[in-house]
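The values are calculated or read from the model by the stated rules, or taken from the named source; none is laboratory data. Only a predicted model underlies this, so the values are computations on that prediction, with no experimental measurement involved. Neighbour counts are summed over all protein chains in view; Cβ atoms, including those assigned to glycine, are modelled from backbone coordinates with ideal geometry. With ligands, DNA and RNA removed, areas are computed over all heavy atoms of the protein, side chains included. Shrake-Rupley method; radii C 1.70, N 1.55, O 1.52, S 1.80 Å.
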2 protein chains.
Amino acid sequence: MKKNGVSLSVIRRLPRYYRFLGDLLQNGVGRISSKELSQKMNLTASQIRQDLNCFGGFGQQGYGYNIEQLHREIGRIIGVDTMHDTILIGAGNLGSAIAAHMNFEKRGFRLVGIFDSDPQKSGEIIAGLPVRSTGELETFCRENHPTIAILCIPKTAAPKVAPQLVDLGITGFWNFSHYDLRVDHSDVVVENVHLGDSLLTLCYQVTHNRPEEDEGEK
Amino acid sequence: MKKNGVSLSVIRRLPRYYRFLGDLLQNGVGRISSKELSQKMNLTASQIRQDLNCFGGFGQQGYGYNIEQLHREIGRIIGVDTMHDTILIGAGNLGSAIAAHMNFEKRGFRLVGIFDSDPQKSGEIIAGLPVRSTGELETFCRENHPTIAILCIPKTAAPKVAPQLVDLGITGFWNFSHYDLRVDHSDVVVENVHLGDSLLTLCYQVTHNRPEEDEGEK
């Protein structure tokens with residue numbers, strides 16, 4: 001299935017290309033052939049050529065890819081150079097870890113507010129930001145206009161918060177709650193991180209002793 | 001691409017079926033038609049029938065699915081009823097959150113040890129377990145024979161720890177580090193959680209204002 005002429009599976013590989021090329025850049029590598037890149041990434045060389053051709057292709061036959069140019073171009077396609085103001089809902093174990101652990105700005109997001117329903121948490125500082133009560137959510141959004149929300153709240157809490165956030169102008173969600181946002185909000189952009197599903201997938205693979213396919217085939 | 005006659009995309013949907021059916025069970029629902037289930041899951045009814053037919057199918061024409069039976073059967077296929085002893089490497093923000101946040105036993109894993117290279121952390125209690133120094137890793141594994149490792153360590157640390165863990169009998173990894181294990185260890189089972197890639201995928205979707213396809217199509 002395709003949209004904008006680019007299939008979701010290619011889009012899902014873009015971040016991985018971006019990550020690998022970033023590592024190569026850091027290691028001072030200037031050029032790489034699709035063959036070398038394919039070995040590093042556990043994809044076939046033709047797969048890589050195909051993927052990158054979706055975006056115009058950046059290789060010269062026999063010369064390989066200019067890593068800096070390709071990395072910059074893929075970053076541009078992903079959109080890392082535009083910052084999206086982002087709020088985190090739920091400052092529990094997972095929410096705090098996400099806030100402290102992730103390098104948001106490197107990936108096009110600026111964390112501007114952290115909210116938790118537990119008044120005990122108000123004022124706590126996480127990743128340089130004070131935790132606010134969810135009561136302040138409306139005022140904060142009207143003043144600061146964040147467009148992205150990270151949901152680190154229990155599944156039961158999500159159906160109540162999600163519509164409020166959509167009304168307050170949130171158009172994209174990074175969703176760690178097990179609530180399937182898209183079922184009620186087909187118009188927003190949602191990236192789900194279902195850690196429980198991921199663990200069950202590992203369980204299946206261990207049970208059936210089935211090493212995962214190359215990421216490219218995911 | 002298929003293996004054991006079941007495609008990876010079907011396998012990736014199994015946890016989601018398991019989760020939805022579990023919720024329905026909790027809500028006391030006994031039966032559901034593929035049509036109702038498809039609406040809830042944002043998949044097509046024929047997709048659902050196809051998927052479940054891979055495992056023999058459990059519906060009777062016109063009667064819908066027996067949720068309890070289907071949930072039990074999918075759980076059995078995933079393998080949640082066998083416990084795999086699991087160790088967590090890296091008790092930083094993310095590792096601690098994962099240990100505290102996840103319900104492992106519900107998903108076929110028993111967390112038996114937590115390790116961190118920082119001696120400061122030794123003795124700290126997380127999820128009822130004391131954090132041990134990575135120096136104890138070898139002795140612990142020889143005595144307790146864990147088979148699964150959760151990697152919540154920096155990418156740079158992973159290439160050193162991974163081979164040691166494989167030598168110590170670890171056959172499956174839940175990998176939060178950005179190190180691609182499969183490149184050096186094609187024989188182990190790996191489920192990667194690349195939070196950074198997930199965030200970049202969200203960035204792409206927000207940039208291109210492109211709501212994600214149904215999870216079923218991932």
- Message: So A:Gly123 passes all but one of these: (1) part of a loop (DSSP other than H, G, I, E, B); (2) at negative phi; (3) surrounded by fewer than 21 Cβ atoms within 10 Å (Cβ to Cβ). Which condition number does it fail?
- Response: (2)
- Which numbered condition trips up A:Pro146, out of (1) at pLDDT below 95; (2) under 19 Å from the mean Cα position of the chain (by Cα); (3) more than 9 Å from chain B (Cβ to nearest Cβ); (4) part of a loop (DSSP other than H, G, I, E, B)? (1)
- Out of the residues in segment A:88-106 that are of a type outside the set (Gly, Ala, Ser) and outside any loop (DSSP other than H, G, I, E, B), which is farthest from the other protein chains (Cβ to nearest Cβ)? A:Ile89
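Here's the yes/no breakdown for (1) surrounded by 14 or more Cβ atoms within 10 Å (Cβ to Cβ); (2) of a type in the set (Asp, Glu); (3) modelled with pLDDT of 90 or more; (4) not assigned by TED's automatic domain parsing to the domain that holds B:Asn66:
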site	(1), (2), (3), (4)
B:Val10	yes, no, no, no
B:Pro15	yes, no, yes, no
B:Phe20	yes, no, yes, no
B:Val29	no, no, yes, no
B:Ile32	yes, no, yes, no
B:Asn42	yes, no, no, no
- Query: Conditions: (1) at pLDDT 95 or above; (2) buried (at least 23 other Cβ atoms within 10 Å of the Cβ); (3) within 14 Å of chain B (Cβ to nearest Cβ). A:Asp116 meets all but one. Number of the miss?
  - Reply: (3)
- Is it true that B:Val206 is in a strand (DSSP E or B) and among the β-branched types (Val, Ile, Thr)? no
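Is segment A:107-116 home to any residue that is part of a helix (DSSP H, G or I) and either within 21 Å of A:Ile170 (Cα to Cα) or in contact (Cβ under 8 Å) with a residue 24 or more places away in the chain (or both)?
Our first condition is that a residue be part of a helix (DSSP H, G or I); within segment A:107-116, this holds for A:107.
From what is left, the residues that are either within 21 Å of A:Ile170 (Cα to Cα) or in contact (Cβ under 8 Å) with a residue 24 or more places away in the chain (or both) are A:107.
Yes, segment A:107-116 contains at least one residue that is part of a helix (DSSP H, G or I) and either within 21 Å of A:Ile170 (Cα to Cα) or in contact (Cβ under 8 Å) with a residue 24 or more places away in the chain (or both).
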- Message: Which pairs turn up if I take residues in segment B:176-189 that are modelled with pLDDT under 85 and look for partners that are β-branched (Val, Ile, Thr) with beta carbon separation below 7 Å, at least 6 apart in sequence or on another chain?
- Response: B:Leu181/B:Val188; B:Leu181/B:Val190; B:Arg182/B:Val190; B:His185/B:Val166
- Query: Which ones in segment B:69-101 are free of Cβ contacts under 8 Å to residues at least 12 places away in the same chain and open to solvent by 20 Å² or more (accessible area, probe 1.4 Å)?
  - Reply: B:Gln69, B:Arg72, B:Arg76, B:Asn93, B:His101
